[in-house]
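Rule-based calculations on the coordinates, nothing more; no lab input. Predicted model only: the values in this text are computed from it and were never measured. All Cβ positions, even for glycine, are placed from backbone atoms using ideal geometry, and neighbour counts span all protein chains on display.
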Amino acid sequence: MLRLYFNWNAVCAQKVVLCLTEKGIDWTPHHLVLSNFEQLEPWYLDINPAGLVPALVHDDVIVTESTVINEYLEDAFPEVQLRPTSPAARARMRWWTKQIDDVLHPSIRPISFAKFVTPRAARLSRADLDGIMARTPKKEIATLWRRVAEAPYSDQELADYLAKIRNLVETMETALSRSRWLAGDGVSLADLGMTPYFRRLVQLEKEAVWSDLPATCAWWDAIRARPSFAMFDRLRAQYAPADHPANPTA
Ligand SMILES: N[C@@H](CCC(=O)N[C@@H](CS)C(=O)NCC(=O)O)C(=O)O
């Protein structure tokens, strides 16, 4: 049994669904509605005490953290390989997946929250917000909710986060000028890890982050041409509420 706890619009969860799709692995979906705080229910905190998606349950094994889950899938299901074989290329792949976790994710999160979470936060009373924040294990998530509910990010702050993303994308441009994919000649977990963030930037109407960078544009075209990319539309069709702000532009 392979079950993934995920949300259709959560970039880290999409990263794992993309990997499952590329590898052709059958999996059982368990969709969590983050805006209803299903990720904070006690039964889910038993699976992932961080109260975050994704989480993978494979028989009696629980794996959390999207980058670790994708590496686990590589080890457990090696038939279709999404890691390069040489130690040097593999190190390059891991350098990118680390940048995604350490730089890209924390930089895009406030921009996403400002767009997608603000309407939901505005509907919560102060008492409801306090109650939910008290149950939130990750303090940085609680801080984000407080910011969008009580002290919205300024344009300058959001621009500073976008500048960090641009900086990383410029490094991508250099890498992709030398090889077709981020870690060499074959698509890898680095490319698949990056993909949901580019799609999120499209949802946020921030394509200008890469539109003047030819190698990155060619990479994005190649990523979107892969059959696995259709999983984004499948998730949206199946799980997105009709009034979600990401729906019209996704
Ligand atoms: N480093 C973690 C990050 C997980 C994470 O931040 N998940 C987000 C969705 S992308 C989440 O569950 N957020 C819950 C919330 O917004 O309350 C991973 O890569 O799995």
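Some notes on this structure:
- Length added when fully stretched, Asp160-Asp102, from 0.36 nm per residue minus Cα-Cα: 19.3 nm
- With bins 5 Å wide beginning at 0, the percent of Cα pairs of the chain falling in each bin runs 1, 6, 13, 17, 19, 18, 13, 8, 4, 1, 0.
- Using the alpha carbons alone, the radius of gyration of segment 37-110 stands to its Kirkwood radius in an Rg to Rh ratio of 1.04.
- 4 °C / 1.567 mPa s Stokes-Einstein diffusion coefficient of segment 87-227, Kirkwood radius on C-alpha pairs, µm²/s: 78
- Cα-projected label distance for Arg234 with Asp60, points at 7 Å along beta-carbon direction, nm: 3.1
- The modelled label-to-label distance between Thr171 and Val202, using points 7 Å beyond Cα along the C-beta direction, is 2.5 nm.
- Spatial separation of Cα centroids for segment 149-166 and segment 12-86, in angstrom: 29
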